[in-house]
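The values are calculated or read from the model by the stated rules, or taken from the named source; none is laboratory data. From a predicted model like this one, the values you see are computed outputs, not experimental measurements. In this analysis, Cβ positions are derived from the backbone assuming ideal geometry, glycine residues included, and neighbour counts consider all displayed protein chains.
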Amino acid sequence: MSWLVTVIAAALGALAGGAGMLGIALVSAKWYRITGFEGAIGYYVVMMTGLGGIGGLIIGAVASRAVLWMWGEAWMGWGQIGGAMAAVAAALLVVLVLAYLGGEHERERGGRGLVIAWEVRLPAGEPGPDVSPAQWTDEQLRLQLVSVVRGQPRGSAEAVLDRSAFRVEDGQWVLPARVGLFTSRGELCVNLKLGGVGWDDGFWPRLSPAPGKERFEWSQWERTNKGRKKASDREAVMYRFRFERGGSGD
């Protein structure tokens, strides 16, 4: 009789484990920034659900036998099933916590998401007379924020460039942009695409996803990677940044 209950407990454990991992997969896909490109999220959900079913089957069977071993035949039947379900639930909780800790999470301050405001300054006299960077297409003008963990990119976000706010200061174009801080892990770097005129660039802005109070003020102007080779700041692409508290839509 106890073995029949074990089989039932194992089957119920498989169902509970599969259903639980299905829910965890759907939630954690956002944390790990898994997209629907080429069915990636579908494969991820199916794999996680299958692993949950197999794990639940094994845990349910082992837990049901462990209940009898520890507390005797008085726990035969519903006691075995209850123990199996409790063990599966505990395992799912551990998986959920580990998945959360290992994923990417938006930083918040004061209950609102954090945003990084950027200003990119072009070299003096560029892109030429009577030409505005606002005329560049979205493919020609991009600022991408990338999270890097142990040398590997873990996620990215595209900045929104406010073309209506582009301005000229002392003969140099200044391009404002904003991007949500989508991660709580790793170092942050920036990829730049500027007009398709040889200014494709990048830089490490020396900031982390855990900003101090001083980061809510504008930083000093800094040169991009390629800009370091220029003779003066006016000949280089420059940038500065600050953190801001986003609104409910950020």
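Answer yes or no as to whether residue 169 is charged (D, E, K, R), over 30 Å from residue 20 (Cβ atoms) and in contact with a strand residue (DSSP E or B) (Cβ under 7 Å, 6 or more places away or on another chain).
Values: charged (D, E, K, R): yes; over 30 Å from residue 20 (Cβ atoms): yes; in contact with a strand residue (DSSP E or B) (Cβ under 7 Å, 6 or more places away or on another chain): no.
Criteria not met by residue 169.
The number of residues in region 126-170 that are exposed (fewer than 11 other Cβ atoms within 10 Å of the Cβ) and under 24 Å from residue 103 (Cα atoms) comes to 3. Report yes if residue 66 is out of contact with any Ser or Thr (no Cβ under 7 Å at 6 or more places or on another chain), part of a helix (DSSP H, G or I) and free of Cβ contacts under 8 Å to residues at least 24 places away in the same chain, otherwise no. Yes, satisfied.
In region 216-242, how many are buried (at least 17 other Cβ atoms within 10 Å of the Cβ) and at pLDDT below 90? Result for region 216-242: 1.
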